[in-house]
Amino acid sequence: MGEPAFDMVIRGGAVATATDVFKADVGIRGERIAAIGERLPPGRQEIDARSRYVLPGGIDSHCHIEQLSAGGLMNADTWESATASAAFGGTTTVISFAAQHVGMQLPQVIEDYSALAQKGAIVDYCFHMIVSDATEQLVRHDLPAAIKAGHASIKLFMTYDKLRVQDEQALDVLMTARENRAMVCVHAENHGMIAWMGKRLLERGYTAPKYHAVSHPRVSETEAFERLIAMAALIDQPIMIFHVSTREGAAIIRRARGSGQKVFGETCPQYLFMTAQDLDRPGLEGAKWMCSPPPRSRDDQEALWQALALGDLQTVTSDHAPYRFDASGKLSAGPNANFKQMANGQPGLETRLPILFDAMVSKGRMDLCRFVQLTATEPAKIYNLHPRKGTIAIGTDADIAIWNPRRKVTLSDAMMHDRTGYTPFAGRTVTGWPEQVLRRGALIVSDGKLQASAGSGRFLPRTGGPAAEPSGRLAPEMDSRRNFGARLYD
């Protein structure tokens, strides 16, 4: 007998892409998908996927891993623990951050974060570059060099004392991105409004975690969105607006896209499944649910689901920002800390896909193709990882998650694989679970066990892609449904 035709065959599953669901075998040679069809020849290894879904591995394009905050606080995860949790949750690619704080040189920042990822990453990865010190050296030399080296996305903050850039600096970065064909991602909230509200709440003795939500007025989001979109229009530079949390914010993005502007948007599970009431808990317990922007209302949840259904928002990310509920994290300022002294952020790399699958597929909010599109294909396209990542097709990396659509799991703190010590979704029961996960053809999760070593993940260099093209025209994925339902948020 001759050599097997494939290194692995995933046999008899329902294969799903962003456009189709079909029963097929998937044949893998080396790291890539070599064949998709019926009754493929045997492989050296075979996986019986009958009664299972065969989906592209998830891409989480917004997560903070082994990152130092501007205040000097290290988050809870290492690259090994964070990417292990990603793998258990069906995610095979992450885009994390290389965070430049004031006074730091960007080349050294990228080198330092790259070393940590090379040592620990279990899934494949790349970086958004956080820019907080937009010097002439950075915008004229360091950013273009970094983009040329494959770091083709930048993150800016419009709030936080030690991170925010002024409008003129933001315009400089937008222009550099335009000239070098990079994407600019933005945390867009009005800093003055948040600072003003926070100061007055503390002066009146409102210090509990629940007042964090009050301190971020919803108009702080809408004002910043409008200002950011205007700046991007002036430069003709595509932007991604991170973690959209309000009905009004979604409406602004819809109007901008309808008028032909190159605006993309994401939201996160905390805005689809949580409200400000989740922060209202005894003592400081509500700090576990603190993130920025904060969860809003059920009305906002429904508006965001509608925005996802209509294509106004293109991705759902975890914004994984893990801080332990102890003196090393959320309570670093002591047991009497006020909400302004508590680290913002929630863990979510592991739970993102299961809770979305439960809501979208098992409970019927959307179909399986839309789930794949929002969690894998669209982020791959927007950040220029497609077609290598984000879909199941001949020639793509064999990044695959095999889901049992009937398996019920109750989420708990103890089952998480990150180092945060808790999940804000503890007690939630989901239907649908990724039981086996492949990264570039290698089985990295099976039977509840990790089968990959730290450092086996690979860096993914990216140059500017179609979504980052400042061509004076809409990117292809922004052409459809431009004006349909434009008043739905009014």
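The values are calculated or read from the model by the stated rules, or taken from the named source; none is laboratory data. Since the model is a prediction, treat every value here as computed from it, not as a measurement. Here Cβ is always computed from backbone atoms with ideal geometry, including for glycine, and neighbour counts include all displayed protein chains. Keep in mind that these areas ignore ligands, DNA and RNA; they rest on the heavy atoms of the full protein, side chains included. Shrake-Rupley method; radii C 1.70, N 1.55, O 1.52, S 1.80 Å.
List of remarks:
- Per residue, the chain exposes 37 Å² of solvent-accessible protein surface, assessed with a 1.4 angstrom probe and all protein chains in place.
- For Val109, Val219, the ranking by accessible surface with the largest value first comes to Val219, Val109, using a 1.4 Å probe.
- Taking 30 Å as the straight-line reach from the Cα of Lys389, the lysines in range (excluding those fewer than 8 positions away in the same chain) are Lys23, Lys119, Lys148, Lys155, Lys262, Lys363, Lys381, Lys408, Lys449.
- Rounded to the nearest 10 degrees, the angle from helix 298-310 to the longest Cα principal axis of the chain is 50 degrees.
- For the stretch 83-157, carbon and sulfur atoms together expose 53% of the accessible surface, with a 1.4 angstrom probe and every protein chain in place.
- The stretch 1-73, relative contact order [Cα under 8 Å, separation at least 6], %: 35 percent
- Area projected by the alpha carbon convex hull of the stretch 212-274, averaged over all directions, nm²: 4.3 nm²
- D (Stokes-Einstein, µm²/s), Kirkwood Cα radius, the chain, 1.002 mPa s at 20 °C: 95 µm²/s
- A protection proxy built from the mean count of other Cβ atoms within 10 Å ranks the segments 153-159, 363-369, most packed first, as 153-159, 363-369.
- All lysines inside 17 Å of Lys210 as judged from Cα atoms, apart from same-chain residues fewer than 8 positions distant: Lys199, Lys288, Lys330, Lys340
- Computed from Cα positions, the angle between helix 191-203 and the longest principal axis of the chain comes to roughly 70 degrees.
- Per-residue ellipticity at 222 nm, computed for the chain from helices alone with -39500 (n - 2.57) per DSSP H run of at least four residues, works out to -7500 deg cm²/dmol.
- Mean Cα-pair separation over length for the stretch 46-114, i.e. relative contact order, pairs under 8 Å, 6 or more apart, %: 35 percent
- Here the dipole of the chain is about 780 debye; that uses its Cα centre as origin and unit charges on the Cβ of Lys and Arg (positive) and Asp and Glu (negative).
- Solvent exposure, largest accessible area first (probe 1.4 Å, DNA, RNA and ligands not counted), of Leu73, Leu411: Leu73, Leu411
- Highest mean packing comes first when the peptides 427-436, 247-256 are listed by Cβ atoms within 10 Å, giving 247-256, 427-436.
- Of the peptides 329-340, 235-246, the ranking by mean beta-carbon count within 10 Å, highest at the top, reads 235-246, 329-340.
- Ranking by accessible area, most exposed first, for Glu3, Glu221 with a 1.4 Å probe: Glu3, Glu221
- Between helix 79-88 and the chain: long-axis angle, C-alpha atoms, 0 to 90°, nearest 10: 60 degrees
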